[in-house]
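Below is one structure, written out as structure tokens; the observations come after it.
Every number here is computed from the coordinates shown, using simple stated rules; none is lab data. What you are looking at is a predicted structure, and each value in this text was computed from that prediction instead of being measured. Neighbour counts are summed over all protein chains in view; Cβ atoms, including those assigned to glycine, are modelled from backbone coordinates with ideal geometry.
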Amino acid sequence: MTAPARLSPGDPAPGFSLPTDTGGQLTLADLRGRKVVLYAYPAAMTPGCTKQACDFRDSLASLQAAGYEVVGISPDKPEKLAKFRERDAITFPLVADVDKSVLTAYGAYGEKQMYGRTVTGVIRSTFIIDEEGRIERALYNVKATGHVAKLRRDLGLD
């Protein structure tokens, strides 16, 4: 497997309709007209992913005040996402991409370096999608800790 194709600013954001942590479905089309922060993370309830989700949770009010909706996407099953939401009081939708097709379409699943080895998995990434459904920013290989603060600075929210 080779490195996934990456998205660039101006590209149309790949559409999706995925099950959520609350048992519903979320489609990208449902969010049209709003800016979306879609962030891809490897696994619910792991230390780094918990830190990142809690950072987004703690910044949600200011992101929403600036017109952004936050959505987390991982290959976890909806039941695990529900436990994650309940355990850590996550206040934004988490979507389950169990077959990894959406993560792959966004370039957020494929070969990556981990502890000096090449492995296949979720590439921690964040995508800013504009009101028309186009990629405004595509950030790959982001860090779990400190990423939300950096993103807020980059978006001019601090």
Considering Cα pairs under 8 angstrom that are at least six residues apart, work out the relative contact order of region 36-155 and quote it in whole percent. 30 percent
LEU94, LEU7, LEU60 arranged by Cβ crowding within 10 Å, fewest neighbours leading: LEU60, LEU7, LEU94
On a full-extension model of 0.36 nm per residue, what is the gain between ASP58 and ASP158, subtracting their alpha-carbon distance, rounded to one decimal in nm? 34.6 nm
Treat the count of other C-beta atoms within 10 Å as a stand-in for reagent exposure and order LEU81, LEU31 from fewest to most. LEU31, LEU81
By average Cβ neighbour count within 10 Å, what is the ranking of 44-50, 115-121 from highest down? 44-50, 115-121
To one decimal place, what orientation-averaged projected area in nm² is obtained for the convex hull of the Cα set of region 1-73? 6.5 nm²
Considering the chain as a Gaussian network with a 10 Å cut-off on Cα pairs, which listed residue, ALA65, ALA43, ALA96, attains the greatest mean-square fluctuation? ALA65
The FRET efficiency for ASP130 and ALA89, from their Cβ-Cβ distance with R0 = 25 Å and rounded to 0.05, is 0.30
Checked against a 21 Å limit on the C-alpha separation, the offending pairs among LYS35/LYS150; LYS51/LYS150; LYS100/LYS150; LYS83/LYS112; LYS35/LYS80 are LYS100/LYS150; LYS83/LYS112; LYS35/LYS80
Which residue fluctuates the most in the chain, going by a Gaussian network model with Cα springs under 10 Å, if the choices are ASP55, ASP76, ASP30? ASP30
Could you give the length gained on full extension between LYS150 and ARG32, defined as 0.36 nm per residue of separation minus the Cα-Cα distance, in nm? 40.0 nm
Report the extension gain between VAL98 and MET114 in nm, rounded to one decimal, defined as 0.36 nm multiplied by the number of residues separating them, less their alpha carbon distance. 3.6 nm
